[in-house]
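Data block below; observations after.
What follows draws every value from the coordinates through simple rules; no lab data is involved. Note that this is a predicted model, so its numbers are computed, not measured. A quick note on method: Cβ atoms are made from the backbone with ideal geometry, for glycine too, and the neighbour counts reach across all protein chains shown.
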Amino acid sequence: MESVVALDYRYECGTVEGFIQQLAVSYVARGYWFYVSGMIPEGKEPLRTDDKLMTQYGVRVSKWTRARKKKAGQASVHYLRHGRFWVIVATHGEGHFFTAEGSGVRDFRKQPLVYHGYSVSSRRSRGGARRHASVRIERRQYLVLRAFFEEEAMRWSVERIGRELAALPFARYAPVRNQLFMLWRAVNRRRRQGGLETVPQGLVPWGRKPVRPFGPGQEVV
């Protein structure tokens, strides 16, 4: 007999990078386009909030139950938390989530979720045939970084600029790589104008490695 309740449901991420990866790759990319989010106040026990929200919206169910609900036109719901920040995501369909949250429900296709300098949304691929999850540096954060690096472009050494660009705490998703490339290009434009040596592209790490969202020993998404 199958289990209706998933007692081993995983939802608490140990790092920002793991939280963003799980949200974007496992949920938004798979049609979980609707969300609400919030912050657990200081002094309030996070586990109590977790239990309350997951119970209220029927999150802890087996994959078979999710499949049946989807077939019946009901929304599938997931819960995710990092630190005191939580988000509930849902697919299209009917369900208590949409009734209870009403106008508070946001849509990743229209309003990105912003967290720790990241912006997570759903965008169409080139040609517009399919949608995909998009992870980038939030626009205001990016503009601050660009202004900062352009200001320091003439003062820092090539090695220092390379180290600072490499140390930026953003996983190298494709949109993030594009933004870092624009930063790198802006820095070198300023340095060329001042007659200084440009920063080799090889000093900036461009690759992204998947992480374990829920800690050591658990599955990499």
Item to check | Förster radius 30 Å - calculated FRET efficiency between Asp51 and Arg185, Cβ distance, rounded to 0.05 | outcome: 0.05
Checklist entry - Suppose every K and R has +1 on its Cβ and every D and E has -1 on its Cβ; what is the size of the dipole of the range 45-145 about the Cα centre, in Debye to the nearest 20? => result 580
Checklist outcome for this item: Once Ser26 and Val158 are pulled to full extension, the length gained, defined as 0.36 nm per residue separation minus their Cα-Cα distance, is 43.7 nm
Checklist entry - Between the range 128-204 and the range 28-78, what is the C-alpha centre distance in whole Å? => result 36
Checklist outcome for this item: 1/(1 + (r/R0)^6) with r = Cβ-Cβ of Lys70 and Thr198, R0 = 45 Å, i.e. FRET efficiency to nearest 0.05, evaluates to 0.30
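If you take every DSSP beta bridge whose two residues both sit in the chain, what share of them, in percent to the nearest 5, is antiparallel?
90
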Checklist outcome for this item: Taking Cα pairs closer than 8 Å and at least 6 residues apart, the relative contact order of the chain in percent is 23
Checklist entry - Which residue, Ile40, Ile88, Ile137, tops the fluctuation ranking in a GNM of the chain built on C-alpha contacts under 10 Å? => result Ile40
Next on the checklist: How charged is the neighbourhood of Tyr35? Take every other residue with its Cβ under 12 Å from the Cβ of Tyr35, and add Lys/Arg as +1 and Asp/Glu as -1.
Outcome noted: +1
Next on the checklist: Can you tell me which lysines have their Cα less than 26 Å from the Cα of Lys69? Leave out same-chain residues fewer than eight positions away.
Outcome noted: Lys52, Lys110
Item to check | Cα gyration tensor category, rounded, prolate or oblate, for the range 1-146 with a/c compared to 1.5 | outcome: oblate
Item to check | Two-site FRET efficiency, Ala100 against Arg124, from Cβ-Cβ distance with R₀ of 35 Å, rounded to 0.05 | outcome: 0.75
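Give me the net charge for the shell around Lys110: Cβ to Cβ below 14 angstrom, other residues only, Lys and Arg +1, Asp and Glu -1.
That works out to +4.
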Checklist entry - Going by the alpha-carbon gyration tensor, a ≥ b ≥ c the square roots of its eigenvalues, is the range 71-133 rounded (a/c under 1.5) or, if a/c is not under 1.5, prolate (a/b greater than b/c) versus oblate? => result oblate
Checklist outcome for this item: Relative contact order in percent for the range 138-203 (Cα pairs under 8 Å, 6+ apart) equals 45
